[in-house]
Amino acid sequence: MTPAKAGPSLKPFICLVAALAALAGTMAPTQAAQPGPAGSESSRLDRLEARQEIEELFAEYGATLDRRDFDSFGQLFTEDAVYGAGPSPTHGRAAIQAQLQKIISANPSHLPGPDFHLYFNPSIRVEGDHATAHSMGAYLIPDVHSPSGWKMIFLVSYDDTLVRHNGHWLFQQRMLHAAAPTAVGNTSVRQPEK
């Protein structure tokens with residue numbers, strides 16, 4: 001018995017199958033980019049992209065303050081944002097912007113410029129259009145007596161609640177805490193003398 005040969009009548013069918021397979025291959029990336037189940041590749045990619053955008057928000061937070069661009073600084077917060085430390089945080093984008101502009105412009109400690117903010121050690125948890133984060137921050141000023149030429153003035157930690165609004169991540173709440181480093185083996189933080 002000889003094997004059957006694909007005759008001219010099967011060629012259109014084979015070409016159609018090949019064309020459909022090629023078309024399906026070009027559609028796969030579009031389908032993969034759509035949100036999927038929590039453990040899917042597209043969901044992981046969405047979370048990674050969100051994390052990167054949030055880290056850019058952290059960098060822009062410091063950069064806008066360093067440039068004294070308080071209008072842009074205010075745009076990093078939701079209209080109803082909460083910001084600050086202690087029992088009386090500031091409420092609302094306009095109030096947050098005005099508070100930071102007043103404090104930084106007044107320079108009550110008479111710190112030399114230029115100064116700049118750093119952020120580091122971010123831990124970010126993304127759930128759809130909402131996220132929480134914890135990170136550290138430092139504020140540096142020029143210091144002619146330091147070998148590096150810079151002096152760290154303060155170290156803080158931030159606890160953030162973030163929301164994606166119109167495709168952009170914004171601070172919904174940003175709480176600041178003193179973050180004095182502890183000595184190795186010392187589990188208590190020594191409070192500054194008054």
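Filter the range 124-170 down to residues that are outside any strand (DSSP E or B) and aromatic (Phe, Trp, Tyr), then give me how many there are. First the steps, then the outcome.
First pass over the range 124-170, keeping only residues outside any strand (DSSP E or B): 128-129, 143-149, 166-167.
When the remaining residues are screened for being aromatic (Phe, Trp, Tyr), the result is none.
Adding up the residues that qualify gives 0.
Anything in the range 137-159 that is aliphatic (A, V, I, L, M) and surrounded by 14 or more Cβ atoms within 10 Å (Cβ to Cβ)? List them, or say none. Don't jump to the end; show me each part of the working.
Initially, the range 137-159 is screened for residues aliphatic (A, V, I, L, M), giving 138, 140-141, 144, 152-153, 155-156.
Within the range 137-159, 138, 140, 141, 155, 156 qualify.
Name the single residue that is nearest to residue 57 (Cα to Cα) among those in the range 113-123 being assigned to a loop (DSSP other than H, G, I, E, B) and open to solvent by less than 70 Å² (accessible area, probe 1.4 Å).
Filtering the range 113-123 down to residues assigned to a loop (DSSP other than H, G, I, E, B) leaves 113-115.
Going one step further and asking which of them are open to solvent by less than 70 Å² (accessible area, probe 1.4 Å), we end up with 113, 115.
On the way: 113: 23, 115: 19 Å.
Top of the filtered list is 115.
Evaluate the following for residue 98: is it open to solvent by 40 Å² or more (accessible area, probe 1.4 Å) and modelled with pLDDT under 95?
Working: open to solvent by 40 Å² or more (accessible area, probe 1.4 Å): yes; modelled with pLDDT under 95: no.
Judged against the criteria, residue 98 is not a match.
As an exercise: evaluate residue 126 against (1) touching a Leu at 6+ places or on another chain (Cβ under 6 Å); (2) touching a residue at least 40 places away in the same chain (Cβ under 8 Å) and give the number of the one condition it does not meet.
For residue 126, the failing item is (1).
What number goes with the only condition from (1) surrounded by 11 or more Cβ atoms within 10 Å (Cβ to Cβ); (2) modelled with pLDDT under 95 that residue 110 does not pass?
Against the list (1) surrounded by 11 or more Cβ atoms within 10 Å (Cβ to Cβ); (2) modelled with pLDDT under 95, residue 110 comes up short only on (1).
Does the range 65-98 hold any residues that are within 30 Å of residue 149 (Cβ to Cβ) and in a helix (DSSP H, G or I), and which are they? Outline the logic, then answer.
Filtering the range 65-98 for residues within 30 Å of residue 149 (Cβ to Cβ) gives 65-70, 72-73, 76, 85.
The answer is 65, 66, 70, 72, 73.
Give me the pairs, please: first residue somewhere in the range 67-82 and over 18 Å from residue 118 (Cα atoms) and open to solvent by less than 100 Å² (accessible area, probe 1.4 Å), second residue anywhere and among the aliphatic types (A, V, I, L, M) and not in a helix (DSSP H, G or I), beta-carbon distance under 7 Å, and either six or more positions apart or on two chains.
77/170; 78/163; 78/170
Looking at the range 33-50, which of the residues that are open to solvent by 60 Å² or more (accessible area, probe 1.4 Å) and in a helix (DSSP H, G or I) is modelled with the lowest pLDDT?
33
The values are calculated or read from the model by the stated rules, or taken from the named source; none is laboratory data. Just so it is clear, the structure is predicted and the values come from calculations on it, not from any experiment. With ideal geometry, Cβ positions are generated from the backbone for all residues, glycine too; neighbour counts draw on all protein chains shown. Side chains are part of the model used for accessible areas, which takes the heavy atoms of the whole protein and leaves out ligands, DNA and RNA. Shrake-Rupley method; radii C 1.70, N 1.55, O 1.52, S 1.80 Å.
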